[in-house]
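What follows is one structure encoded as structure tokens, with my remarks underneath.
The values are calculated or read from the model by the stated rules, or taken from the named source; none is laboratory data. Fair warning: this is a prediction, and the values are worked out from it, not measured in the lab. Ideal geometry is used to build each Cβ from the backbone, glycine not excepted, and the neighbour counts take in all protein chains shown.
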Amino acid sequence: MKKENKNIGNYGENLACDFLSKKNHLILKRNFRNAHGEIDIISKIDNIIVFTEVKSRYSLDFGHPCEAITFSKIRTIKNTASYYLYINKIRNINIRFDVIEITLNYYNNKYKINHTENAF
């Protein structure tokens, strides 16, 4: 991954965590990885574990950030979420898959956040 892409990704994830925290989410884990995939943010609100994919872009020239989430990526996220629940012995709880899109200007001083709950 190019350094610029990693930087915008980290910045976007920081913004997303702040956004979720302000909506009363408890951030449980960031960048949870296993051999098959990664989940950007895992949080809890009420009695729901939320697995959030964060997509950040500087412009919409190449489409909306969420358009980069393929069916293959969705399958990977769901499998990784199942693994997280398994290793943490979490059962009998509601889960949800959200997407947060962040569009930034090139100076990183203005941004727009779009949060889609139950995205897939």
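Taking (1) in contact (Cβ under 8 Å) with a residue 12 or more places away in the chain; (2) assigned to a helix (DSSP H, G or I) in turn, ILE27 satisfies each apart from (2). Condition first: modelled with pLDDT under 95 and not in a strand (DSSP E or B). Now tell me which residues in region 92-120 satisfy that. ASN92, ASN105, TYR106, TYR107, ASN108, ASN109, LYS110, ALA119, PHE120, listed by residue number.
When GLU67 is tested against (1) within 22 Å of TYR111 (Cβ to Cβ); (2) more than 11 Å from the chain's Cα centre (by Cα); (3) modelled with pLDDT of 85 or more, just one condition goes unmet, and that condition is (3). Taking (1) without any contact (Cβ under 8 Å) to a residue 40 or more places away in the chain; (2) under 14 Å from HIS64 (Cα atoms); (3) surrounded by 13 or more Cβ atoms within 10 Å (Cβ to Cβ) in turn, LYS112 satisfies each apart from (3).
Remark: ASN88 matches the filter, which requires a residue to be of a type in the set (S, T, N, Q), at pLDDT 95 or above and closer than 17 Å to LEU28 by Cα. Among the conditions (1) surrounded by 13 or more Cβ atoms within 10 Å (Cβ to Cβ); (2) over 21 Å from ASN10 (Cβ atoms), ASP46 misses just one, which is (1).
For region 55-97, taking the residues that are among the polar types (S, T, N, Q), surrounded by fewer than 12 Cβ atoms within 10 Å (Cβ to Cβ) and in contact (Cβ under 8 Å) with a residue 12 or more places away in the chain, the one that is nearest to ILE41 (Cα to Cα) is identified as ASN94. Scanning region 2-14 for residues being surrounded by fewer than 18 Cβ atoms within 10 Å (Cβ to Cβ) and either under 13 Å from ARG96 (Cα atoms) or within 13 Å of the chain's Cα centre (by Cα) (or both) gives a total of 4. Of all residue pairs spaced 6 or more apart or on separate chains, those with beta-carbon atoms under 7 Å, a first member in region 38-50 that is within 15 Å of HIS115 (Cβ to Cβ) and a second member that is of a type in the set (A, V, I, L, M, F, W, C) and assigned to a strand (DSSP E or B) are ASP40/VAL54; ILE41/ILE27; ILE41/VAL54; SER43/LEU26; SER43/ILE27; SER43/LEU28; SER43/VAL50; ILE48/ILE95.
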